[in-house]
1. Please count how many residues of the stretch 1-14 are polar (S, T, N, Q) and either within 18 Å of Ile113 (Cα to Cα) or in a helix (DSSP H, G or I) (or both).
2. For the stretch 150-167, name all the residues that are within 13 Å of Leu117 (Cα to Cα) and touching a helix residue (DSSP H, G or I) at 6+ places or on another chain (Cβ under 7 Å).
3. In the stretch 240-276, which residue that is hydroxyl-bearing (Ser, Thr, Tyr) and under 21 Å from the mean Cα position of the chain (by Cα) is farthest from Pro141 (Cα to Cα)?
4. Name the residue that is surrounded by the fewest Cβ atoms within 10 Å (Cβ to Cβ), counting only residues in the stretch 202-251 that are of a type in the set (Gly, Ala, Ser) and in contact with a helix residue (DSSP H, G or I) (Cβ under 9 Å, 6 or more places away or on another chain).
5. Only one of these conditions is not met by Glu91: (1) out of contact with any Leu (no Cβ under 8 Å at 6 or more places or on another chain); (2) surrounded by fewer than 22 Cβ atoms within 10 Å (Cβ to Cβ); (3) within 30 Å of Gly209 (Cα to Cα). Which number is it?
6. Please find, among Leu199, Leu153, Leu165, Leu160, the residue that is loosely packed, with under 15 Cβ neighbours inside 10 Å, modelled with pLDDT of 95 or more and hydrophobic (A, V, I, L, M, F, W, C).
7. Restricting to the stretch 72-95, what's the tally of residues that are in contact (Cβ under 8 Å) with a residue 24 or more places away in the chain and charged (D, E, K, R)?
8. Select from the stretch 77-88 the residues that are in a loop (DSSP other than H, G, I, E, B) and buried (at least 21 other Cβ atoms within 10 Å of the Cβ) and list them in ascending order.
Amino acid sequence: MGKTILITGTSSGIGLACARLFLEKGWNVIATLRDPAQAPEFGDAGRLLVSRLDVRDVPGIERTVGEGLRRFGAIDVLLNNAGYGQYGVFEAVPREKILEQFEVNVFGPMNVIRAVLPAMRKARDGVIINMSSGAGIFTLPMISLYCASKFALEGFSEALSFELLSLGIVVKIVEPHGGVDATRFGERASASNAFSGELTDYRPFVERGAEAFARMSAARLIDAGDVARVVYEAATDGSRRLRYLVGNDTRGFIKARAELPDQDYVDFLRAHFRDAIGQKKGNEK
């Protein structure tokens, strides 16, 4: 029946681009989203199963995985793509929103992986791809919870990759950085931007920090199709490679993280927010 991929978060952006690309390549696609009634046009319906899936709903995940296995016989690749970014200074983020950030970005992928592993173990084969972010490599202020969730996902994925290799199952991480177009990620992030009128002490930092973000914006957004092509490479290259970077590093954050000593890297990032944090050149430390 051909290869089958299950993709979470296919309503727009990367998830939608991946679903369309894999269908074009002749794969069976289990395209999941929280509201199937709002499903976009994916392509070849004969090899497509559209299913409701909320990564926080374990019984719902198990139903979708079971339905996919009955329809296509196997799930060869899992792409954990669903996620969102919680914005705002940490102190302004309510505890329930902190929990939600980790429920969706960390525990959600864990829930879906746990559901597909029995079939992959039985087959002694499979690829699990977790969608991370530049925020899983470097950190920025006012997205501390999003960074924390992506760092957690990176650590989990790396450790899990060691556990599953003996079973023939390969874990991979795709890391878009620099911003992706055609996605609703920004919409949900804006809606989740925490703010407290009582925390006026942060106001100068937030205002100046926003100016710094505007100055250091990437030259261009990454096309969601470019990310999909990297995901396809990760799914089909037959390697045990763990990480796949995709994007443009016009701000130099990836290079700094990879090449600079730790404190030099921290000082490099702080320099971008010098006005906001009240530090002067030559006095970062």
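1. 3
2. Correct list: Leu167 only.
3. Tyr244
4. Out of the qualifying residues, it is Ala210.
5. Unmet for Glu91, out of (1) out of contact with any Leu (no Cβ under 8 Å at 6 or more places or on another chain); (2) surrounded by fewer than 22 Cβ atoms within 10 Å (Cβ to Cβ); (3) within 30 Å of Gly209 (Cα to Cα): (1).
6. Leu165 is the lone residue from the list that is loosely packed, with under 15 Cβ neighbours inside 10 Å, modelled with pLDDT of 95 or more and hydrophobic (A, V, I, L, M, F, W, C).
7. Total meeting the criteria: 2.
8. If the condition is that a residue be in a loop (DSSP other than H, G, I, E, B) and buried (at least 21 other Cβ atoms within 10 Å of the Cβ), then Asn81, Ala82, Gly83, Gly85, Gln86, Tyr87, Gly88 are the ones that fit.
The values are calculated or read from the model by the stated rules, or taken from the named source; none is laboratory data. This structure is a prediction, so every number in the text was calculated from the model and none was measured. Quick reminder, even Gly has a Cβ in these numbers, built from the backbone with ideal geometry, and neighbours come from all protein chains shown.
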